[in-house]
Amino acid sequence: METLITLAAGALLIALGMRLIHRLDAQHDARIAVYHFSDLFPAISRPPGHGHHSSTEQASSPGLTGIRP
């Protein structure tokens, strides 16, 4: 009888562990899905130190507006 209880308790712990791992994996997948990667290879498309500029920064910089002085 004690062996049966021990096996049942072990099976219950294994089932709870599997459920916990499954829930943590689903949570991790959800976090990854929310994060949007900008470029596949940003170092190839632009040199280091030259990140993306927002539209307001592009409009305010004189060389990017297309208007010549």
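Each reported figure results from applying straightforward, stated rules to the coordinates on display, with no laboratory input. Bear in mind that the values here come from a model prediction, so they are computed numbers and not experimental data. Note that each Cβ is placed from the backbone with ideal geometry, even for glycine, and that neighbours are counted across all protein chains shown.
Assorted remarks:
- Other residues with beta-carbon under 13 Å from the beta-carbon of G17 carry, at +1 per Lys or Arg and -1 per Asp or Glu, a net charge of +1.
- The label point for H28 and the one for M1, both projected 7 Å from the Cα toward the Cβ, are 4.3 nm apart.
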